[in-house]
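Just so it is clear, none of the values below were taken in a lab; they were calculated from the coordinates. These figures come from a predicted structure and were not determined experimentally. Glycine gets a Cβ as well: all are built from the backbone with ideal geometry, and neighbour counts include every protein chain shown.
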Amino acid sequence: MRRSLAILCCLALPASARSHARGVEDLAVAAEAYRQGRFDDCAQTAGTIDRSGLLNPDAALLLEAQCLFYARRPAQALERFDRLRRQYPQSPWAGLAAFRAADCLWETGERSAAAGRYAEAEAGADPRCDGAVGLYRRAVQAGPAGGELWLKLRLEHAQHPLAAAALVPRLDFRQGIELAAALHQARRWSEALDLLDGLPDPGHDAGRFALAYRAGRILFDMRGRYGEASRLLLAARDHAPGAVQAQEAWFWGSRALGRADRDDEAIASHRAMVERHPGAKLASRALFYAGWLAQNRGDCERAKRLFASAWQSEPRSSWAREARWFAAWCELRSQRWKAGAELLRAQLDHPDWRLGGRALYWTGLAMARQKDGRAAQAAWRRCIERHPLTWYALLARARLGPKAPPQPPPPPGPPDAPVVADPLLQRASELDQAGLPGLASAVLRQRERAFLQRHPARADRLALLDAYRQAENFHRPWLLTLRKDLAALRSLPEGPEARSVWDHAYPACERERLERHAGADRSLALFLQAIMRTESGFDPTALSVADARGLMQMIPPTAVRVAAELGIDDYDDEMLFDPEPNIRTAAWYIGALAVKFKRQWPLVAASYNGGPPAAMRWCREHGEHELDAFVESIPFSETRRYAKAVTTTFARYAYLEKEPPVALSLELDPDYLESGPDY
């Protein structure tokens, strides 16, 4: 009966609609064959699709061409790739088709023709197209005369595996510095240093500056080699060809001294740079770091003078705001409550919770310590109202004692305004129906700017974000929400449209995997989701300057040890760009940290970011403090921010999913367990 009804319903559709439905169905069958590696079946099905009824005929032709290529039929694939470029020159896949056509010629043995095609494709390529294979093959074809092509491959595609196999020609000094910079950017630090070590003395100050500065910055980024970095960077300063270069090298050399725990030398070096170059672009930053090092050593009087100089030299900069805060923090730590509150007054109304919420919370505590309970409670209530479900609002709630949780979020639902009908969204929907979410996301990304110009209303923008999510892309909606709807995230959502903004800012990305690897621990699953959002913004391809990778930004040395604990015998660093092994290793590791630090979530976050040895040291040094002061005393600025951000995100996920509110205990338990990871 159901089959009969389905046939009748289908026959009731107009012929064009039936043709479109059949085309999408065939495209889905071809896509499934492609995923399963049945390339002949894929090519046969894709070749019989009636593309005239499709909104994405170029995608169907691309799929047929790809399947023909992988079915080892390059001549036929070449004809399809060339046809795609002729018939659909504005297609998102036109640039890719140009490179793949050259691949086809290479596979048929027409190497000279392929080299020419690679050169043409590279000249007209979208910057996002990968031309590494083409450069590699052109260099191979050129033989001994391909030196410049090898060098170009290393410079422009330093992260590509083929770049490691490139035969680098004999380099002059300028080319060596340029290649070292590219390797530095690609985080191939050891290769870059070896290259610099092999360069001859340039014989002039500009060259000596370039050599020492580049090596110093590489060593700084490698971490753990700050002493060498400071020596080279300060040497670069003395060879700088101009004042700007001297200031840059001096600043980073001073930073390296601080990272090497040579605080007094670092402070003196920062101050000397400012005295020598008082109007320098980096002067306020140098004064800020000098003050921060001084207050971290407990020398608040010297720190306050340096902080005051920092905000006076550049009063509107972010460094000036942070300098004012740390000057206030010096006063608060010294129990000079009135002076601390006075310094915070300028930031009480700032809309950012990291500034305004911080000022309100600590002003409230200063009032409480001065026995002004009414003013303290007023400041804390204002913090909760203006910056709900943020780190400082959670602390304020803990100070105020038992208090009703916030009103539950409005239910998800369609926006009040009608959803825009746009060809772009229809094209993406067709590709999603065919099981091609990656192509759908690429189509949306290519036409995103034009869509937003045509449809500036929030309701229409949310329709675009919904289309991205349907295409399994959570990163782009998160990013666009932060750019376009940040104000909506500063207050609790009211109504379905605001709720939709929050859902895109805090999506349940990879939730099935997170819950599976967290076991029955619902709180751990939500905490892992908060880590994912903070670390990568839901981008599985994310790669940090510290070589942290994937959704959870696992660092390879840590992942290697965790893989051994889990019995993963075939572990490879590239696996961290795959969501499954990335989440599996991170969930095990963070779960073990949660046990080690007794589920004190801010401390668990700090240990994940700063490392368990550092977190254990902070517990020993500052464990007598309450949680608020403990977190503010974390010496790593990145880790301080991270612990607050993850806890804020954790609380917001719990709120959206109607879980028990995240409640912070002000009383810290510093007695971490000796068992569990210390890496």
Global geometry of the chain, whether rounded, prolate or oblate, following the gyration tensor of its Cα atoms and the 1.5 cut on a/c: oblate
Net lengthening on full extension, Ala487/Glu574 (0.36 nm per residue, minus Cα-Cα): 27.6 nm
Residues Val545 and Leu167, FRET efficiency given R0 of 41 Å [Cβ-Cβ distance, rounded to 0.05]: 0.90
Candidate lysines for bridging to Lys281, where Cα separation is under 26 Å - those fewer than 8 sequence places away on the same chain excluded: Lys304
Size of charge dipole - the stretch 74-120 - debye, nearest 20, with Cβ of Lys, Arg +1 and Asp, Glu -1, no other charges: 140 debye
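Given a cut-off of under 8 Å on Cα pairs at least six residues apart, what relative contact order in percent is computed for the chain? Display every interim value, and only then the final one.
Working: 956 pairs, mean separation 46.4, N = 679.
Taking the mean separation of contacting Cα pairs over the length of the chain, I get 7 percent.
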By average C-beta atoms within 10 angstrom, highest first, the peptides 428-435, 309-316: 428-435, 309-316
Dipole axis of the chain (+1 Lys, Arg; -1 Asp, Glu on Cβ), positive-most option in Gly143, Tyr289, Pro613: Tyr289
Degrees, to the nearest 10: 612-622 long Cα axis against longest axis of the chain: 20 degrees
Under 21 Å from Lys598, Cα to Cα: lysines that are on another chain or at least 8 residues apart: Lys644
Equivalent-ellipsoid semi-axes of the stretch 434-480, from the Cα gyration tensor, Å, largest first: 18, 11, 9
Sequence-separation-based contact order of the stretch 423-505, relative, with Cα cut under 8 Å and 6+ spacing, percent: 27 percent
Whichever aspartates and glutamates have a C-alpha closer than 18 Å to that of Lys371, once near sequence neighbours (fewer than 8 apart) are set aside: Glu331, Glu342
In degrees, nearest ten, helix 173-185 long axis to first principal axis of the chain (Cα): 80 degrees
Folded to 0 to 90 degrees: helix 318-333 orientation relative to the chain principal axis, Cα: 40 degrees
Per-peptide average of other Cβ atoms within 10 Å, ordering 463-469, 489-495 highest first: 463-469, 489-495
